[in-house]
Amino acid sequence: MPSRKAAAGAGAQPPSVRKPSRTTSTRDRLLDAAEALFAEHGFHGAPMRDITTQAGTRLADINDHFGSKEVLFQEVVARRALQINADRQARLADMAGVKGRAAQIRAIVEAFAAPLLARSAESQGWRNYLRLLAQLTNSRSLVLVLIAEHFNPIAEVFIEQIVRVLPQLDRRQSLNAYQLMVASSMALFADNGRIDIMSGGQERSDDFASHYGDMVSFVAGGILAIAES
């Protein structure tokens, strides 16, 4: 089965990449282009020249604004992390009145994942960002240090919430509960086309809203099962 990119025709621009607006600052155009190309090809597969071509800027602009490709990559990850963390904190605050273990665990999972679903509906830029995070989540490279810097504090908040509801979990189990929640959530937003192929085109991996409820039920049920094991 041909990929969606191939089906678009030779020379067609991939759906994750859009032409920059000239009214956007050079710095933001570089961030947007890098975000799209890193999501599409990974850090090493996105040459600086491709990024500046997509952004409509000079090659020297990466050094002028960021100093290096590595710093540009760090800025791409950092600029949306604060928004996601704030969204998650707000969702956790809203679950104060939720009663019962199962409902509370589901609310915790929703507090983690619902902000991603909401943001994914806002723009292609957010979808690119979530695809990039999905890549980093499964990486063993040094970029994990970058993820830790921006997401470990909120991770500890979620782990504390899980243990508050399920105090019988030991540290290993609570860490696993969080890690498996992250892995399942990011698999949903990876948009890797796998379900498209398996379903013969009847389902789409970019239809996040259709698959979201299944993911939440799967993760919430799994965390409860860990507590009962």
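General remarks:
- Taking label points 7 Å from Cα along the Cα-to-Cβ direction, Leu175 and Asn138 give a separation of 2.3 nm.
- Tensor-based shape of segment 186-229 (alpha-carbon gyration tensor, a/c under 1.5 rounded, otherwise prolate or oblate): prolate
- Segment 30-123 - accessible surface per residue (Å², probe 1.4 Å): 44
- Expressed as a fraction of 2.2 N^0.38 Å, the value expected for a compact globular protein of N residues, the C-alpha radius of gyration of segment 122-229 is 1.18.
- By accessible area, using a 1.4 Å probe on protein heavy atoms only, segment 89-229 has 54% of its surface on carbon and sulfur.
- Counting every alpha-carbon pair across the chain, the share separated by more than 24 Å comes to 49%.
- Summing charges over neighbours of Met95, with a neighbour being any other residue whose Cβ is under 12 Å away from its Cβ, gives +3 when K and R count +1 and D and E count -1.
- Of Ser185, Ser229, Ser25, the order by accessible heavy-atom surface (1.4 Å probe, DNA, RNA and ligands excluded), from most exposed downward, is Ser229, Ser25, Ser185.
- Rolling a 1.4 Å probe over the heavy atoms of the protein chains gives segment 163-215 an accessible area of 55 Å² per residue.
- Exposed loop sites were defined as trypsin sites (Lys or Arg not before Pro) in DSSP loop states (anything but H, G, I, E or B) carrying at most 15 other C-beta atoms within 10 Å; in the chain the longest segment without such a site runs 141-203.
- Within-9-Å neighbourhood charge of Ala34 [Cβ basis; K, R +1; D, E -1]: -2
The values are calculated or read from the model by the stated rules, or taken from the named source; none is laboratory data. A quick note: this is a predicted structure, and the numbers were derived from the prediction, not measured. With ideal geometry, Cβ positions are generated from the backbone for all residues, glycine too; neighbour counts draw on all protein chains shown. For accessibility, only protein heavy atoms count, side chains too; no ligands or nucleic acids. Shrake-Rupley method; radii C 1.70, N 1.55, O 1.52, S 1.80 Å.
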